[in-house]
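J.: Structure below; questions to follow.
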Ligand code: NAI
């Protein structure tokens, strides 16, 4: 059985160094807020800041970022623009996940009570997504003029790793059911392998119920009856679609964080991976998804107290005080939300020092 817990790397004096990749769009301004909150909260993390120029067609920046993450073991990341069709530049986000073998992406989709959402009742779903192959293989070519082939790669090894991650996650977190999402009725060999592998892995977890559903029905079920889902297990493209659907139901791209794991490295980022370019530089982006990524990162590094302080401060601001950006129906700016979170972090941290 492969280990599903990636070990963080230790540093002298209990502090960790983490790679920070701000990315494009709203990434850089949100990372400034992360840094400031970590400073005032005395969070035991130092950031190594690295950048990737989305326009450059060389891979030097990417190699530098990969070296940095390999050295530090952990990163927090904004998304890098994938560019328009005519640039022909492959996605650096995908390349990074592949190079680091971050084979699984996990989204904890838990409703924020009191936050206006399309779906008013509580949702609590875990998405476990294959993160390095499938439709994201980036293997496309024009075989003859006007005929394009795009390869979807599904391997038994990666299907097993992701399915095992889903079942282990369910077992370790008291979840009852895993639903495998696929389109094996049409892609009988590729999605068929993913489904068959999941069924085989399910036999090792008799205490967890396993069912499956085709992706199209899944989208309909998600908007009509999301409560039937507990842990969801799926290939790469279906994963991003389902993540966006659920985030849309719960309040949009600005709330949830996503975690990327391999056997050696972990990368934390906003769940839907949008760049938010059209709202960049206007002080209106919701900072919560990026701050939740910072909570996940602190938790992963073992700094549980700091993770809890930041998580509580976010929830008190957004849920109890109702200080929210426009995407959540509020009128606060990014800095209004961050200031209140900062205030709570400072309060809690000073109480911690007094004790
Ligand atoms: P976008 O960045 O334009 O965002 C979609 C919508 O969500 C926009 O209305 C935006 O204003 C809003 N939004 C995003 N983050 C927000 C925040 N923090 N606070 C408030 N509102 C927020 O998204 P789009 O078109 O999906 O992608 C832009 C770039 O991101 C492209 O380069 C794309 O390739 C990349 N990308 C998007 C992914 C996705 O799942 N949507 C996944 C991977 C890459």
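The values are calculated or read from the model by the stated rules, or taken from the named source; none is laboratory data. For clarity, every value in this text was computed on a predicted model and none was experimentally measured. Please note: Cβ atoms are built from the backbone with ideal geometry, for glycine as well, and neighbour counts cover all protein chains shown.
J.: List every residue pair whose Cβ atoms lie under 8 Å apart, where the two residues are 6 or more positions apart in sequence or sit on different chains, the first residue falls within region 29-43 and is within 17 Å of residue 283 (Cα to Cα), and the second residue, located anywhere, is in a helix (DSSP H, G or I) and away from the ligand (no atom under 16 Å from the Cβ).
T.: Once the first residue is within 17 Å of residue 283 (Cα to Cα) and sits in region 29-43, its partners that are in a helix (DSSP H, G or I) and away from the ligand (no atom under 16 Å from the Cβ) give 36/342; 37/310; 37/342; 37/345.
J.: Also: Going by the conditions given, is residue 123 more than 16 Å from the ligand (Cβ to nearest atom), touching a residue at least 12 places away in the same chain (Cβ under 8 Å) and under 29 Å from residue 328 (Cβ atoms)?
T.: Against the criterion (more than 16 Å from the ligand (Cβ to nearest atom), touching a residue at least 12 places away in the same chain (Cβ under 8 Å) and under 29 Å from residue 328 (Cβ atoms)), residue 123 qualifies.
J.: Regarding residue 338, is this residue part of a helix (DSSP H, G or I), within 13 Å of residue 255 (Cβ to Cβ) and within 16 Å of the ligand (Cβ to nearest atom)?
T.: Taking the combined requirement at face value, the residue does not satisfy it.
J.: Looking at (1) away from the ligand (no atom under 16 Å from the Cβ); (2) touching a helix residue (DSSP H, G or I) at 6+ places or on another chain (Cβ under 8 Å); (3) assigned to a helix (DSSP H, G or I), which is the one condition that is false for residue 29?
T.: (1)
J.: State all residues of region 94-108 that are closer than 16 Å to residue 268 by Cβ and not in a loop (DSSP other than H, G, I, E, B); if no residue qualifies, say none.
T.: Within region 94-108, 96, 97, 104, 105, 106, 107, 108 qualify.
J.: Of all residues in region 320-331, which are buried (at least 18 other Cβ atoms within 10 Å of the Cβ), within 12 Å of the ligand (Cβ to nearest atom) and in a loop (DSSP other than H, G, I, E, B)?
T.: Listed by number, the residues that qualify are 324, 325.
Listed here are the residues, each with its yes/no results for (1) on the phi > 0 side of the Ramachandran plot; (2) within 16 Å of the ligand (Cβ to nearest atom).
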site	(1), (2)
74	no, no
89	no, yes
93	no, yes
106	no, yes
114	yes, no
119	no, no
134	yes, yes
141	no, no
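J.: Another question, then. Which strands (runs of 3 or more DSSP E) sit wholly inside region 112-189 and have at least 3 residues that are surrounded by fewer than 16 Cβ atoms within 10 Å (Cβ to Cβ) and over 20 Å from the mean Cα position of the chain (by Cα)?
T.: Correct list: 140-144, 147-150.
J.: Which of the residues spanning region 272-316 are away from the ligand (no atom under 15 Å from the Cβ) and either assigned to a loop (DSSP other than H, G, I, E, B) or more than 19 Å from residue 73 (Cα to Cα) (or both)?
T.: 302, 303, 305, 306, 308, 309, 310, 311, 312, 313, 315, 316
J.: Can you run down the residue pairs with Cβ atoms below 6 Å, 6 or more apart or on separate chains, where the first is in region 272-299 and more than 16 Å from residue 337 (Cβ to Cβ) and the partner is more than 9 Å from the ligand (Cβ to nearest atom) and not in a loop (DSSP other than H, G, I, E, B)?
T.: Filtered contacts from region 272-299: 296/257; 296/259; 296/268; 297/76; 297/268; 298/306; 298/307; 299/307.
J.: Going by the structure shown, is residue 53 within 16 Å of the ligand (Cβ to nearest atom) and either over 20 Å from the mean Cα position of the chain (by Cα) or not in a loop (DSSP other than H, G, I, E, B) (or both)?
T.: The answer is yes for residue 53.
J.: Could we say that residue 312 is touching a helix residue (DSSP H, G or I) at 6+ places or on another chain (Cβ under 9 Å) and surrounded by fewer than 17 Cβ atoms within 10 Å (Cβ to Cβ) here?
T.: It is true that residue 312 is touching a helix residue (DSSP H, G or I) at 6+ places or on another chain (Cβ under 9 Å) and surrounded by fewer than 17 Cβ atoms within 10 Å (Cβ to Cβ).
J.: Being assigned to a strand (DSSP E or B), more than 23 Å from residue 317 (Cα to Cα) and either within 16 Å of the ligand (Cβ to nearest atom) or over 20 Å from the mean Cα position of the chain (by Cα) (or both): is that true of residue 210 here?
T.: Yes, satisfied.
J.: Please go through region 222-266 and give me each residue that is more than 16 Å from the ligand (Cβ to nearest atom), buried (at least 21 other Cβ atoms within 10 Å of the Cβ) and not in a strand (DSSP E or B), ordered by number.
T.: Scanning region 222-266 gives 229, 265.
J.: Condition first: in contact with a strand residue (DSSP E or B) (Cβ under 8 Å, 6 or more places away or on another chain) and without any contact (Cβ under 8 Å) to a residue 60 or more places away in the chain. Now tell me which residues in region 168-189 satisfy that.
T.: Answer for region 168-189, where residues must be in contact with a strand residue (DSSP E or B) (Cβ under 8 Å, 6 or more places away or on another chain) and without any contact (Cβ under 8 Å) to a residue 60 or more places away in the chain: 173, 175, 176, 177, 178, 179, 180, 182, 183, 184, 185.
J.: While we're looking at this one, here's another question. Hey, residue 82 hits all of (1) at pLDDT 95 or above; (2) part of a loop (DSSP other than H, G, I, E, B); (3) over 30 Å from residue 309 (Cα atoms) but one; which does it fall short on?
T.: Failing condition for residue 82: (1).
J.: Turning to a different aspect of this structure: In region 10-26, what residues are more than 11 Å from the ligand (Cβ to nearest atom) and touching a helix residue (DSSP H, G or I) at 6+ places or on another chain (Cβ under 8 Å)?
T.: Within region 10-26, 16, 17, 18, 19, 20, 21, 22 meet the criteria.
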